[in-house]
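Engineer: My questions will all concern the structure given below.
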Amino acid sequence: PSLGNIHFNVLLGHGSLYGTHPFLWYVYAGIPAICGIMLPFFLWDLAIIKEVASNGVRKPSTNITSPSVSKQDNQEESEYNNPRVALLGIVAPYIVLHSFSEHKEFRFLLPILPIICILAGHAMARLALIIGEANRGSVDSSDGRNYKSPLNSMIGDNTSPKLLLAVLILLNYPHLFYLGIIHQRGPIAVNQFLASTIDKKAREVSQSKKVENPQEYSIHFLMGCHSAPLYSHLHTPSAQVNAWYLDCSPNCRSNPEIVCESDSFSSDPLGFALSVYGSSGDDDCSKEDTKEPPSFLVVMQDDAVVIGNVLMDNLKMSRVASIRHTVKFLSWHRHNHDDIASYDQCISHERCHDVVTLFSLIDIHFDHMEVFYKSHPSL
């Protein structure tokens, strides 16, 4: 995978076909995003490592795991014996080398996240030691009788490190909740809905008509690049699924004379839908270049507002599901608008995203993925 990444993104330069960022983007955007609440601790540990590198020794000692080690040994920890310097030697070149690729994503930094957690954890442990010593007063760490490690403080009578740990955990739970339940949940939820619906319909057909061969269902995804996981979440033993998605491959993106299907649909959803599926008044000759209506069609809500009439009137499809995808935008709460409860109202209304009001102050507007269905020809 690593060699394939270098070959595709660096040697061939195809990474830039899917978006570019400045050279320092990982420094001012990527690292802060993946670190989250750990960022201040990570930066603090970098400062400690810099102090070790510039002075050769570090005073006072921050060795908190081996209280039996003498004070002299702790103070003489050099940059060559510091394992955190070696870890930083992995993180820094990784960021620099990936910065040369014009196409950058947060997920490209995930391999170094465990190392960043280790470095940030050292700073957290140092902070726990400082808090513990401040609460106990002056402590002579060279005298083993008076030494008390931060770990003992956290489980003993010292509540400050416990509070620090609790705060760190609580501050991470909102991110976990948002990224795991709310943010861009649509693709997985849509494919789960499609797989369960297709399996149910296929079983009903096989039981009623005693069909031995698996039923065939087609799915068209009229969405942007890599918007759905496709076949990996569409396997069902009772039916055969054929999926079609808009082309945005490097072959079309690297050729200036070719317009990718994803770009064509994004610029003119209605025109693209008419060209692909035809209009109700097309003759038989013009229909030779069009596609057959699929069993299921998935489209984002904003685009469904534009092509909804084509799907329902021309292709005789019906809307069977509206699955919440992600937060579209935020706005101040307004008391003078009527709630849009039905999709039919939403098509002709400028405000078509469902809204959740938070504390009667902020409206959270959610985007949806719409699923349309056309009865299978064999039914």
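The values are calculated or read from the model by the stated rules, or taken from the named source; none is laboratory data. Remember, predicted model here, so these are calculated numbers, not experimental data. As a convention, Cβ positions derive from the backbone with ideal geometry for all residues, glycine included, and neighbour counts pool all protein chains shown. Ligands, DNA and RNA are stripped out before the accessible areas are found, and what is left, the full protein with its side chains, is counted by its heavy atoms. Shrake-Rupley method; radii C 1.70, N 1.55, O 1.52, S 1.80 Å.
Engineer: Report the residue count in the range 237-265 for those that are under 18 Å from Ile198 (Cα atoms), open to solvent by less than 40 Å² (accessible area, probe 1.4 Å) and touching a Phe, Trp or Tyr at 6+ places or on another chain (Cβ under 9 Å).
Structural biologist: Result for the range 237-265: 3.
Engineer: Within the range 237-248, is even one residue among the small types (Gly, Ala, Ser) and modelled with pLDDT of 85 or more? Outline the logic, then answer.
Structural biologist: First, the residues of the range 237-248 that are among the small types (Gly, Ala, Ser): 238-239, 243.
Subsequent filtering for residues that are modelled with pLDDT of 85 or more retains 239, 243.
Yes, the range 237-248 contains at least one residue that is among the small types (Gly, Ala, Ser) and modelled with pLDDT of 85 or more.
Engineer: Based on what the data block shows, is Ser232 out of contact with any Lys or Arg (no Cβ under 9 Å at 6 or more places or on another chain), open to solvent by 70 Å² or more (accessible area, probe 1.4 Å) and among the small types (Gly, Ala, Ser)?
Structural biologist: On the way: out of contact with any Lys or Arg (no Cβ under 9 Å at 6 or more places or on another chain): yes; open to solvent by 70 Å² or more (accessible area, probe 1.4 Å): yes; among the small types (Gly, Ala, Ser): yes.
Yes.
Engineer: Using the structure shown, decide if His175 is within 21 Å of the chain's Cα centre (by Cα), surrounded by fewer than 18 Cβ atoms within 10 Å (Cβ to Cβ) and in contact (Cβ under 8 Å) with a residue 12 or more places away in the chain.
Structural biologist: On the way: within 21 Å of the chain's Cα centre (by Cα): yes; surrounded by fewer than 18 Cβ atoms within 10 Å (Cβ to Cβ): yes; in contact (Cβ under 8 Å) with a residue 12 or more places away in the chain: yes.
Yes, satisfied.
Engineer: I'd like to check something: does the range 249-267 contain any residue that is farther than 25 Å from Glu204 by Cα, within 23 Å of the chain's Cα centre (by Cα) and in a loop (DSSP other than H, G, I, E, B)? Spell out how you get there, then give the answer.
Structural biologist: Within the range 249-267, the subset farther than 25 Å from Glu204 by Cα is 249-267.
Then drop every residue that is not within 23 Å of the chain's Cα centre (by Cα), which leaves 249-250, 262-263, 266.
Remaining after also requiring in a loop (DSSP other than H, G, I, E, B): 249.
Checked against the condition, which is being farther than 25 Å from Glu204 by Cα, within 23 Å of the chain's Cα centre (by Cα) and in a loop (DSSP other than H, G, I, E, B), the range 249-267 yields at least one hit.
Engineer: List pairs: first in the range 280-301 and at pLDDT below 90, second open to solvent by less than 40 Å² (accessible area, probe 1.4 Å) and part of a helix (DSSP H, G or I), Cβ under 7 Å, 6+ apart or cross-chain?
Structural biologist: That search, which allows pairs on different chains as well, returns Thr290/Val276; Thr290/Tyr277; Lys291/Val276; Lys291/Tyr277.
Engineer: Another one. Write out, first by first residue and then by second, each pair whose Cβ atoms fall under 9 Å of each other, whose residues are 6+ apart or on separate chains, and whose first residue, in the range 183-196, is over 19 Å from His235 (Cβ atoms) and open to solvent by 20 Å² or more (accessible area, probe 1.4 Å) while the second is modelled with pLDDT under 90 and of a type in the set (S, T, N, Q).
Structural biologist: Sorted first by the residue in the range 183-196, then by its partner, the list stays empty.
Engineer: Has the range 200-218 got any residue that is part of a loop (DSSP other than H, G, I, E, B), out of contact with any Phe, Trp or Tyr (no Cβ under 6 Å at 6 or more places or on another chain) and aliphatic (A, V, I, L, M)? Don't jump to the end; show me each part of the working.
Structural biologist: Filtering the range 200-218 down to residues part of a loop (DSSP other than H, G, I, E, B) leaves 210-214.
Filter again for out of contact with any Phe, Trp or Tyr (no Cβ under 6 Å at 6 or more places or on another chain), leaving 210-214.
Add one more test, that the residue is aliphatic (A, V, I, L, M), and what stays is 211.
Scanning the range 200-218, I find at least one residue that is part of a loop (DSSP other than H, G, I, E, B), out of contact with any Phe, Trp or Tyr (no Cβ under 6 Å at 6 or more places or on another chain) and aliphatic (A, V, I, L, M), so the answer is yes.
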